[in-house]
Amino acid sequence: MKPTDMRPQPESAVELAIFGHPPACAEAVHVGRPNIGDRQRFLTRLNDILDRRWLTNRGDYVIELEQRIAEMVGVRHCILVTNGTIGLELLIRALDLRGEVIVPAFTFVATAHALQWQEITPVFADIDPDTHCLDVRSVEAAITPRTTGIIGVHLWGQPCAVEELAALARRHKLKLMYDAAHAFGCTHEGRMIGGFGEAEVFSFHATKIVNTFEGGAIVTDNDALAEKLRLMQNFGFSGYDRVVYLGTNGKMSEVSAAMGLTNLESLDEIVELNRAHYQLYRQHLADLPGVSVFEYDERHRSNHQYIVTMVDDEAPLTRDELIAVLHAENVIARRYFYPGVHRMEPYRTKMPDAGQRLPHTEQVCRQVMILPTGPSLSAADVAAVCRIIRTALANAVAVRTRLAQTAQSTS
Ligand code: T4K
(Lines give C-alpha, C1' and ligand atoms only; values in the text may rest on other atoms or scores of the structure.)
Protein backbone atom coordinates (compact mmCIF):
# COMPACT_ATOMS: atom_id res chain seq x y z
CA MET A 1 0.00 0.00 0.00
CA LYS A 2 1.06 3.57 -0.64
CA PRO A 3 2.38 6.30 1.66
CA THR A 4 0.15 9.39 1.91
CA ASP A 5 0.56 13.02 2.83
CA MET A 6 -1.99 14.65 5.15
CA ARG A 7 -1.72 18.18 3.67
CA PRO A 8 -4.27 19.20 1.03
CA GLN A 9 -2.66 18.65 -2.37
CA PRO A 10 -3.47 19.27 -6.00
CA GLU A 11 -5.93 16.62 -7.19
CA SER A 12 -3.46 14.66 -9.28
CA ALA A 13 -1.07 14.42 -6.31
CA VAL A 14 -3.69 12.91 -3.97
CA GLU A 15 -2.75 9.27 -3.96
CA LEU A 16 -6.19 7.75 -4.17
CA ALA A 17 -7.58 5.39 -6.77
CA ILE A 18 -10.51 7.73 -7.50
CA PHE A 19 -7.91 10.14 -8.95
CA GLY A 20 -6.48 7.48 -11.24
CA HIS A 21 -3.77 6.00 -9.00
CA PRO A 22 -3.57 2.20 -8.78
CA PRO A 23 -5.82 0.84 -6.02
CA ALA A 24 -4.17 0.26 -2.64
CA CYS A 25 -5.08 -3.45 -2.70
CA ALA A 26 -4.48 -5.65 -5.70
CA GLU A 27 -7.32 -7.94 -4.60
CA ALA A 28 -10.58 -7.14 -2.85
CA VAL A 29 -10.28 -6.93 0.96
CA HIS A 30 -13.67 -8.00 2.35
CA VAL A 31 -15.50 -7.59 5.61
CA GLY A 32 -16.32 -11.13 6.69
CA ARG A 33 -13.45 -13.22 5.32
CA PRO A 34 -13.86 -16.61 6.98
CA ASN A 35 -11.59 -17.54 9.89
CA ILE A 36 -10.13 -20.95 9.10
CA GLY A 37 -8.44 -22.97 11.83
CA ASP A 38 -5.85 -25.72 11.51
CA ARG A 39 -6.38 -27.15 8.02
CA GLN A 40 -4.69 -30.47 8.82
CA ARG A 41 -6.91 -31.10 11.82
CA PHE A 42 -9.98 -30.38 9.73
CA LEU A 43 -8.81 -32.73 6.98
CA THR A 44 -8.12 -35.47 9.53
CA ARG A 45 -11.66 -35.09 10.84
CA LEU A 46 -13.00 -35.07 7.30
CA ASN A 47 -11.23 -38.36 6.54
CA ASP A 48 -12.64 -39.79 9.73
CA ILE A 49 -16.18 -38.84 8.64
CA LEU A 50 -15.65 -40.52 5.28
CA ASP A 51 -14.15 -43.64 6.90
CA ARG A 52 -17.04 -43.93 9.34
CA ARG A 53 -19.66 -43.15 6.67
CA TRP A 54 -21.66 -41.20 9.18
CA LEU A 55 -22.49 -37.90 7.52
CA THR A 56 -25.37 -36.33 9.43
CA ASN A 57 -28.26 -37.07 11.88
CA ARG A 58 -26.45 -36.15 15.09
CA GLY A 59 -23.19 -37.96 14.51
CA ASP A 60 -20.18 -38.01 16.85
CA TYR A 61 -18.81 -34.63 15.77
CA VAL A 62 -22.18 -32.90 16.24
CA ILE A 63 -22.49 -34.43 19.71
CA GLU A 64 -18.92 -33.41 20.59
CA LEU A 65 -19.39 -29.83 19.37
CA GLU A 66 -22.72 -29.52 21.23
CA GLN A 67 -21.01 -30.64 24.44
CA ARG A 68 -18.08 -28.25 23.98
CA ILE A 69 -20.33 -25.28 23.32
CA ALA A 70 -22.67 -26.05 26.24
CA GLU A 71 -19.63 -26.33 28.52
CA MET A 72 -18.04 -23.14 27.23
CA VAL A 73 -21.26 -21.13 27.51
CA GLY A 74 -22.21 -22.69 30.84
CA VAL A 75 -25.66 -23.98 29.87
CA ARG A 76 -27.21 -27.45 30.02
CA HIS A 77 -28.23 -27.73 26.37
CA CYS A 78 -26.82 -26.85 22.98
CA ILE A 79 -28.74 -27.85 19.86
CA LEU A 80 -26.73 -27.42 16.68
CA VAL A 81 -28.80 -26.36 13.68
CA THR A 82 -28.45 -25.78 9.94
CA ASN A 83 -27.95 -22.02 10.30
CA GLY A 84 -28.76 -19.16 12.66
CA THR A 85 -31.98 -18.25 10.86
CA ILE A 86 -33.41 -21.75 11.23
CA GLY A 87 -32.32 -21.59 14.89
CA LEU A 88 -34.35 -18.40 15.38
CA GLU A 89 -37.37 -19.87 13.58
CA LEU A 90 -37.30 -23.04 15.65
CA LEU A 91 -36.93 -21.20 18.92
CA ILE A 92 -39.70 -18.70 18.11
CA ARG A 93 -42.00 -21.64 17.37
CA ALA A 94 -40.91 -23.67 20.39
CA LEU A 95 -41.60 -20.69 22.66
CA ASP A 96 -45.05 -20.42 21.08
CA LEU A 97 -44.61 -16.76 20.19
CA ARG A 98 -47.56 -15.31 18.30
CA GLY A 99 -49.22 -12.00 17.48
CA GLU A 100 -46.52 -9.35 17.89
CA VAL A 101 -42.90 -9.68 18.98
CA ILE A 102 -40.65 -6.70 19.66
CA VAL A 103 -37.30 -6.59 17.86
CA PRO A 104 -34.79 -3.94 16.84
CA ALA A 105 -34.85 -2.72 13.22
CA PHE A 106 -31.10 -2.23 13.41
CA THR A 107 -30.12 -5.86 12.88
CA PHE A 108 -29.60 -8.34 10.06
CA VAL A 109 -32.92 -8.91 8.30
CA ALA A 110 -33.03 -12.55 9.48
CA THR A 111 -34.13 -11.48 12.99
CA ALA A 112 -37.40 -10.05 11.66
CA HIS A 113 -37.83 -12.56 8.82
CA ALA A 114 -37.73 -15.45 11.31
CA LEU A 115 -40.92 -13.98 12.82
CA GLN A 116 -42.70 -12.86 9.67
CA TRP A 117 -41.99 -16.28 8.07
CA GLN A 118 -44.37 -17.66 10.72
CA GLU A 119 -46.94 -14.88 10.30
CA ILE A 120 -45.85 -13.18 13.53
CA THR A 121 -45.57 -9.40 13.29
CA PRO A 122 -42.18 -7.95 14.19
CA VAL A 123 -42.73 -4.65 15.98
CA PHE A 124 -39.63 -2.48 15.75
CA ALA A 125 -38.25 -0.74 18.81
CA ASP A 126 -35.46 1.82 18.74
CA ILE A 127 -31.86 1.25 19.80
CA ASP A 128 -29.62 2.92 22.33
CA PRO A 129 -27.19 4.98 20.20
CA ASP A 130 -24.29 4.05 22.51
CA THR A 131 -24.70 0.27 22.46
CA HIS A 132 -26.64 -0.17 19.18
CA CYS A 133 -28.81 -2.68 21.10
CA LEU A 134 -32.50 -2.37 22.08
CA ASP A 135 -33.49 0.72 24.06
CA VAL A 136 -35.55 -0.69 26.94
CA ARG A 137 -37.85 2.37 27.13
CA SER A 138 -38.65 2.07 23.44
CA VAL A 139 -39.39 -1.65 23.94
CA GLU A 140 -41.79 -0.82 26.77
CA ALA A 141 -43.54 1.79 24.63
CA ALA A 142 -44.06 -0.80 21.87
CA ILE A 143 -45.88 -3.34 24.09
CA THR A 144 -49.54 -3.92 23.18
CA PRO A 145 -52.10 -6.54 24.25
CA ARG A 146 -50.95 -8.63 21.23
CA THR A 147 -47.28 -8.70 22.31
CA THR A 148 -46.01 -12.15 23.29
CA GLY A 149 -42.25 -11.72 23.31
CA ILE A 150 -39.06 -9.73 22.89
CA ILE A 151 -36.01 -10.68 20.83
CA GLY A 152 -32.88 -8.79 21.88
CA VAL A 153 -29.89 -8.76 19.52
CA HIS A 154 -26.39 -8.53 21.02
CA LEU A 155 -25.17 -6.49 18.10
CA TRP A 156 -21.43 -6.44 17.32
CA GLY A 157 -20.92 -8.75 20.33
CA GLN A 158 -22.01 -5.94 22.68
CA PRO A 159 -24.54 -7.39 25.16
CA CYS A 160 -28.09 -6.06 25.39
CA ALA A 161 -29.34 -4.51 28.65
CA VAL A 162 -30.09 -8.05 29.83
CA GLU A 163 -31.23 -7.27 33.38
CA GLU A 164 -33.58 -4.47 32.34
CA LEU A 165 -35.05 -6.54 29.52
CA ALA A 166 -35.56 -9.51 31.86
CA ALA A 167 -37.35 -7.28 34.39
CA LEU A 168 -39.54 -5.77 31.68
CA ALA A 169 -40.40 -9.21 30.27
CA ARG A 170 -41.28 -10.47 33.75
CA ARG A 171 -43.49 -7.44 34.47
CA HIS A 172 -45.46 -7.86 31.25
CA LYS A 173 -45.36 -11.70 31.20
CA LEU A 174 -43.51 -11.79 27.90
CA LYS A 175 -41.06 -14.41 26.62
CA LEU A 176 -37.53 -13.10 26.17
CA MET A 177 -35.03 -14.66 23.77
CA TYR A 178 -31.83 -13.44 22.17
CA ASP A 179 -30.37 -13.38 18.70
CA ALA A 180 -26.71 -13.87 19.66
CA ALA A 181 -25.50 -14.32 16.06
CA HIS A 182 -22.66 -11.81 16.68
CA ALA A 183 -21.87 -12.74 20.24
CA PHE A 184 -20.26 -16.18 20.34
CA GLY A 185 -17.43 -16.05 22.90
CA CYS A 186 -18.61 -12.71 24.36
CA THR A 187 -19.55 -11.95 27.94
CA HIS A 188 -21.83 -9.72 29.96
CA GLU A 189 -20.02 -8.69 33.15
CA GLY A 190 -18.03 -11.92 33.10
CA ARG A 191 -21.00 -14.18 32.33
CA MET A 192 -21.02 -15.85 28.92
CA ILE A 193 -23.59 -14.71 26.39
CA GLY A 194 -25.80 -17.74 25.73
CA GLY A 195 -27.20 -18.04 29.22
CA PHE A 196 -29.68 -15.15 29.10
CA GLY A 197 -33.44 -15.16 28.44
CA GLU A 198 -35.32 -18.38 27.69
CA ALA A 199 -32.66 -19.29 25.14
CA GLU A 200 -30.16 -17.72 22.76
CA VAL A 201 -29.23 -18.39 19.13
CA PHE A 202 -25.71 -18.25 17.68
CA SER A 203 -24.79 -18.13 14.01
CA PHE A 204 -21.82 -20.07 12.67
CA HIS A 205 -22.10 -18.65 9.16
CA ALA A 206 -18.87 -18.44 7.15
CA THR A 207 -18.47 -14.77 8.10
CA LYS A 208 -18.81 -15.29 11.87
CA ILE A 209 -16.07 -15.55 14.51
CA VAL A 210 -16.45 -19.36 14.50
CA ASN A 211 -17.88 -20.88 11.36
CA THR A 212 -19.24 -24.29 10.45
CA PHE A 213 -19.48 -23.19 6.76
CA GLU A 214 -23.20 -22.65 7.46
CA GLY A 215 -24.62 -23.38 10.89
CA GLY A 216 -25.96 -22.18 14.18
CA ALA A 217 -26.85 -23.25 17.69
CA ILE A 218 -29.64 -22.78 20.18
CA VAL A 219 -28.45 -22.77 23.79
CA THR A 220 -30.65 -22.98 26.87
CA ASP A 221 -30.91 -24.20 30.44
CA ASN A 222 -34.55 -25.15 29.99
CA ASP A 223 -34.82 -28.98 29.75
CA ALA A 224 -38.36 -29.08 28.35
CA LEU A 225 -37.58 -26.42 25.74
CA ALA A 226 -34.44 -28.29 24.67
CA GLU A 227 -36.36 -31.53 24.28
CA LYS A 228 -39.00 -29.82 22.16
CA LEU A 229 -36.31 -28.17 19.98
CA ARG A 230 -34.58 -31.51 19.41
CA LEU A 231 -37.82 -33.03 18.17
CA MET A 232 -38.64 -30.01 16.01
CA GLN A 233 -35.26 -29.96 14.29
CA ASN A 234 -35.58 -33.66 13.29
CA PHE A 235 -39.10 -33.90 11.77
CA GLY A 236 -40.54 -34.68 15.22
CA PHE A 237 -38.93 -38.14 15.33
CA SER A 238 -38.49 -39.63 18.78
CA GLY A 239 -37.20 -42.98 17.44
CA TYR A 240 -37.48 -45.20 14.39
CA ASP A 241 -40.92 -44.80 12.76
CA ARG A 242 -42.17 -42.70 15.67
CA VAL A 243 -43.16 -39.10 14.99
CA VAL A 244 -44.53 -37.37 18.07
CA TYR A 245 -44.39 -33.72 17.11
CA LEU A 246 -44.52 -31.33 14.15
CA GLY A 247 -40.97 -30.76 12.92
CA THR A 248 -38.70 -29.77 10.10
CA ASN A 249 -35.14 -30.54 9.03
CA GLY A 250 -32.80 -28.26 10.95
CA LYS A 251 -29.91 -30.66 11.50
CA MET A 252 -26.25 -29.81 11.23
CA SER A 253 -24.07 -32.18 9.17
CA GLU A 254 -20.91 -33.87 10.43
CA VAL A 255 -18.65 -31.94 8.07
CA SER A 256 -19.98 -28.66 9.47
CA ALA A 257 -19.45 -29.87 13.04
CA ALA A 258 -15.89 -30.95 12.15
CA MET A 259 -15.24 -27.43 10.84
CA GLY A 260 -16.77 -25.99 14.03
CA LEU A 261 -14.59 -28.11 16.31
CA THR A 262 -11.50 -27.14 14.34
CA ASN A 263 -12.34 -23.45 14.36
CA LEU A 264 -13.28 -23.48 18.03
CA GLU A 265 -9.69 -24.54 18.78
CA SER A 266 -8.50 -21.24 17.21
CA LEU A 267 -11.13 -19.00 18.80
CA ASP A 268 -8.94 -17.45 21.52
CA GLU A 269 -6.15 -16.71 19.07
CA ILE A 270 -8.54 -15.07 16.59
CA VAL A 271 -10.23 -12.95 19.26
CA GLU A 272 -6.78 -11.78 20.44
CA LEU A 273 -5.82 -10.80 16.91
CA ASN A 274 -9.16 -9.06 16.33
CA ARG A 275 -8.68 -7.15 19.59
CA ALA A 276 -5.23 -6.03 18.44
CA HIS A 277 -6.67 -4.89 15.08
CA TYR A 278 -9.44 -3.03 16.93
CA GLN A 279 -6.85 -1.18 19.05
CA LEU A 280 -4.85 -0.33 15.92
CA TYR A 281 -7.93 1.05 14.19
CA ARG A 282 -8.63 3.17 17.26
CA GLN A 283 -5.09 4.54 17.25
CA HIS A 284 -4.94 5.21 13.52
CA LEU A 285 -8.39 6.79 13.36
CA ALA A 286 -8.02 8.89 16.51
CA ASP A 287 -8.61 12.65 16.26
CA LEU A 288 -10.31 12.57 12.87
CA PRO A 289 -13.15 15.05 12.36
CA GLY A 290 -16.48 13.23 12.57
CA VAL A 291 -15.10 9.69 12.34
CA SER A 292 -15.01 7.48 15.41
CA VAL A 293 -14.57 3.82 16.26
CA PHE A 294 -17.40 2.15 18.23
CA GLU A 295 -16.52 1.95 21.92
CA TYR A 296 -17.21 -1.26 23.81
CA ASP A 297 -18.19 -1.20 27.45
CA GLU A 298 -15.08 -2.46 29.25
CA ARG A 299 -17.17 -4.47 31.73
CA HIS A 300 -17.96 -6.94 28.96
CA ARG A 301 -15.74 -8.96 26.63
CA SER A 302 -16.34 -8.74 22.88
CA ASN A 303 -15.04 -11.05 20.16
CA HIS A 304 -14.28 -7.94 18.04
CA GLN A 305 -15.63 -9.70 15.00
CA TYR A 306 -16.68 -6.38 13.48
CA ILE A 307 -14.79 -3.09 13.24
CA VAL A 308 -17.62 -0.62 13.59
CA THR A 309 -16.93 3.00 12.74
CA MET A 310 -19.32 5.93 12.73
CA VAL A 311 -19.18 8.83 10.28
CA ASP A 312 -21.25 11.69 11.67
CA ASP A 313 -22.33 15.10 10.36
CA GLU A 314 -19.06 16.74 11.51
CA ALA A 315 -17.07 14.71 9.00
CA PRO A 316 -16.10 16.58 5.82
CA LEU A 317 -17.25 13.56 3.78
CA THR A 318 -20.36 11.45 4.20
CA ARG A 319 -20.20 7.78 5.15
CA ASP A 320 -21.24 6.84 1.59
CA GLU A 321 -18.54 9.05 0.05
CA LEU A 322 -15.90 7.41 2.25
CA ILE A 323 -17.18 3.98 1.26
CA ALA A 324 -16.95 4.92 -2.43
CA VAL A 325 -13.31 5.97 -1.87
CA LEU A 326 -12.53 2.69 -0.05
CA HIS A 327 -14.24 0.55 -2.68
CA ALA A 328 -12.14 2.20 -5.39
CA GLU A 329 -9.09 1.05 -3.39
CA ASN A 330 -10.52 -2.49 -3.29
CA VAL A 331 -11.37 -2.21 0.42
CA ILE A 332 -14.96 -3.44 0.51
CA ALA A 333 -16.27 -1.55 3.57
CA ARG A 334 -19.95 -2.26 4.37
CA ARG A 335 -22.98 -0.28 5.58
CA TYR A 336 -24.49 -2.91 7.91
CA PHE A 337 -27.55 -2.81 8.36
CA TYR A 338 -28.55 -0.12 5.90
CA PRO A 339 -31.27 1.01 5.32
CA GLY A 340 -32.68 -0.65 8.49
CA VAL A 341 -34.98 -3.66 8.47
CA HIS A 342 -38.07 -1.39 8.68
CA ARG A 343 -37.11 -0.03 5.26
CA MET A 344 -36.79 -3.50 3.72
CA GLU A 345 -39.64 -5.57 2.30
CA PRO A 346 -42.16 -6.68 3.40
CA TYR A 347 -41.90 -4.34 6.41
CA ARG A 348 -41.48 -1.17 4.36
CA THR A 349 -44.88 -1.75 2.71
CA LYS A 350 -46.61 -3.03 5.83
CA MET A 351 -45.42 -0.19 8.09
CA PRO A 352 -44.27 2.76 5.97
CA ASP A 353 -44.11 5.15 8.95
CA ALA A 354 -42.02 2.92 11.27
CA GLY A 355 -38.96 5.16 10.85
CA GLN A 356 -40.69 8.00 12.71
CA ARG A 357 -40.53 5.98 15.94
CA LEU A 358 -36.91 4.94 15.36
CA PRO A 359 -34.80 8.11 15.35
CA HIS A 360 -31.62 6.44 16.67
CA THR A 361 -31.97 3.51 14.27
CA GLU A 362 -32.32 5.93 11.36
CA GLN A 363 -29.29 7.93 12.49
CA VAL A 364 -27.05 4.91 13.06
CA CYS A 365 -28.12 3.41 9.70
CA ARG A 366 -26.81 6.59 8.04
CA GLN A 367 -23.53 6.59 9.96
CA VAL A 368 -22.19 3.05 10.40
CA MET A 369 -19.26 1.94 8.27
CA ILE A 370 -17.83 -1.55 8.87
CA LEU A 371 -14.15 -2.05 8.06
CA PRO A 372 -12.33 -5.34 7.45
CA THR A 373 -10.57 -7.29 10.19
CA GLY A 374 -9.53 -10.86 10.99
CA PRO A 375 -6.48 -13.03 10.33
CA SER A 376 -6.45 -12.33 6.59
CA LEU A 377 -5.38 -8.73 7.42
CA SER A 378 -1.97 -7.68 8.75
CA ALA A 379 -1.28 -4.70 11.02
CA ALA A 380 0.16 -2.95 7.93
CA ASP A 381 -3.12 -3.55 6.08
CA VAL A 382 -5.08 -1.97 8.95
CA ALA A 383 -2.74 1.04 8.84
CA ALA A 384 -3.20 1.29 5.09
CA VAL A 385 -7.04 1.22 5.34
CA CYS A 386 -6.83 4.03 7.90
CA ARG A 387 -4.42 5.99 5.71
CA ILE A 388 -6.95 5.92 2.87
CA ILE A 389 -9.60 7.35 5.22
CA ARG A 390 -7.26 10.06 6.53
CA THR A 391 -6.15 11.03 3.03
CA ALA A 392 -9.73 11.21 1.79
CA LEU A 393 -10.81 13.40 4.73
CA ALA A 394 -7.79 15.69 4.37
CA ASN A 395 -8.69 16.22 0.70
CA ALA A 396 -12.45 16.24 1.16
CA VAL A 397 -13.29 19.01 -1.32
CA ALA A 398 -11.35 17.40 -4.16
CA VAL A 399 -12.72 13.95 -3.26
CA ARG A 400 -16.33 15.16 -3.23
CA THR A 401 -15.90 16.96 -6.56
CA ARG A 402 -14.29 13.90 -8.12
CA LEU A 403 -16.99 11.52 -6.88
CA ALA A 404 -19.72 13.87 -8.19
CA GLN A 405 -18.00 14.05 -11.59
CA THR A 406 -17.70 10.26 -11.74
CA ALA A 407 -21.35 9.81 -10.75
CA GLN A 408 -22.41 12.31 -13.44
CA SER A 409 -20.35 10.65 -16.16
CA THR A 410 -21.73 7.19 -15.34
CA SER A 411 -25.40 8.27 -15.10
N1 T4K B 1 -29.01 -12.45 13.20
C2 T4K B 1 -28.01 -11.60 12.98
C3 T4K B 1 -27.85 -10.42 13.87
C4 T4K B 1 -27.10 -11.84 11.93
O5 T4K B 1 -26.09 -10.97 11.71
C6 T4K B 1 -27.26 -12.97 11.12
C7 T4K B 1 -26.37 -13.22 10.03
C8 T4K B 1 -28.34 -13.85 11.41
C9 T4K B 1 -29.20 -13.55 12.47
C10 T4K B 1 -28.60 -15.09 10.63
O11 T4K B 1 -27.62 -16.09 10.80
P12 T4K B 1 -27.33 -17.12 9.56
O13 T4K B 1 -28.66 -17.69 9.15
O14 T4K B 1 -26.64 -16.37 8.46
O15 T4K B 1 -26.47 -18.16 10.22
C16 T4K B 1 -23.60 -11.69 6.01
C17 T4K B 1 -23.96 -13.12 6.34
O18 T4K B 1 -24.46 -13.82 5.20
C19 T4K B 1 -24.93 -13.27 7.45
O20 T4K B 1 -24.75 -14.58 7.97
C21 T4K B 1 -24.63 -12.29 8.57
N22 T4K B 1 -25.59 -12.30 9.62
C23 T4K B 1 -24.56 -10.87 8.02
C24 T4K B 1 -24.21 -9.88 9.08
O25 T4K B 1 -23.54 -10.82 7.04
P26 T4K B 1 -23.80 -10.26 3.79
O27 T4K B 1 -24.98 -9.82 3.09
O28 T4K B 1 -22.91 -9.26 4.32
O29 T4K B 1 -22.91 -11.02 2.76
P30 T4K B 1 -22.05 -12.27 2.58
O31 T4K B 1 -22.64 -13.44 3.28
O32 T4K B 1 -21.96 -12.35 1.14
O33 T4K B 1 -20.60 -12.03 3.17
C34 T4K B 1 -19.88 -10.80 3.25
C35 T4K B 1 -18.49 -10.89 2.64
O36 T4K B 1 -17.74 -11.91 3.24
C37 T4K B 1 -18.47 -11.19 1.17
O38 T4K B 1 -18.58 -10.02 0.44
C39 T4K B 1 -17.12 -11.85 0.98
C40 T4K B 1 -16.83 -12.48 2.30
N41 T4K B 1 -17.01 -13.93 2.24
C42 T4K B 1 -18.27 -14.46 2.40
C43 T4K B 1 -18.44 -15.82 2.33
C44 T4K B 1 -19.82 -16.41 2.48
C45 T4K B 1 -15.93 -14.73 2.01
O46 T4K B 1 -14.80 -14.23 1.82
N47 T4K B 1 -16.09 -16.08 1.98
C48 T4K B 1 -17.30 -16.67 2.12
O49 T4K B 1 -17.41 -17.91 2.11
O50 T4K B 1 -24.40 -11.22 4.96
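The values are calculated or read from the model by the stated rules, or taken from the named source; none is laboratory data. This structure is a prediction, so every number in the text was calculated from the model and none was measured. Neighbour counts run over all protein chains shown; Cβ positions are idealised from the backbone, glycine included. When the accessible area is computed, the model is the full protein with side chains, heavy atoms only, and any ligands, DNA or RNA have been set aside. Shrake-Rupley method; radii C 1.70, N 1.55, O 1.52, S 1.80 Å.
Report the residue count in segment 187-202 for those that are within 16 Å of the ligand (Cβ to nearest atom), more than 15 Å from Leu155 (Cβ to Cβ) and open to solvent by 10 Å² or more (accessible area, probe 1.4 Å). The qualifying residues number 1. State whether the residues of segment 276-289 include one that is of a type in the set (S, T, N, Q), within 20 Å of the chain's Cα centre (by Cα) and buried (at least 21 other Cβ atoms within 10 Å of the Cβ). No, segment 276-289 has no match at all. Of note, Gly84 does not satisfy the criterion of being more than 16 Å from the ligand (Cβ to nearest atom), small (Gly, Ala, Ser) and either at pLDDT 95 or above or open to solvent by 40 Å² or more (accessible area, probe 1.4 Å) (or both). Among the residues making up segment 319-333, those that are surrounded by 18 or more Cβ atoms within 10 Å (Cβ to Cβ) and of a type outside the set (A, V, I, L, M) are Arg319, Glu321, Glu329.
For Pro346, the stated conditions do not hold, so it cannot be described as away from the ligand (no atom under 16 Å from the Cβ) and either surrounded by 15 or more Cβ atoms within 10 Å (Cβ to Cβ) or under 27 Å from Met192 (Cα atoms) (or both). In the set Asp320, Asp313, only one residue is among the acidic types (Asp, Glu) and assigned to a loop (DSSP other than H, G, I, E, B); that residue is Asp313.
Any chance segment 166-175 includes a residue that's within 13 Å of the ligand (Cβ to nearest atom) and assigned to a helix (DSSP H, G or I)? No, segment 166-175 has no match at all. No other residue among Gly99, Gly37, Gly20, Gly74 is without any contact (Cβ under 8 Å) to a residue 24 or more places away in the chain, small (Gly, Ala, Ser) and open to solvent by 10 Å² or more (accessible area, probe 1.4 Å) apart from Gly20.
Close contacts from segment 202-225, counting a first residue that is under 21 Å from Ser376 (Cα atoms) and a second that is more than 8 Å from the ligand (Cβ to nearest atom) and among the hydroxyl-bearing types (Ser, Thr, Tyr), with Cβ to Cβ under 6 Å and a gap of 6+ residues or different chains, come to Phe204/Thr212; Thr212/Ser256; Phe213/Ser256. When Phe235, Phe184, Phe213 are checked against the criterion of being open to solvent by 10 Å² or more (accessible area, probe 1.4 Å) and either aliphatic (A, V, I, L, M) or within 25 Å of the chain's Cα centre (by Cα) (or both), Phe213 stands alone in meeting it.
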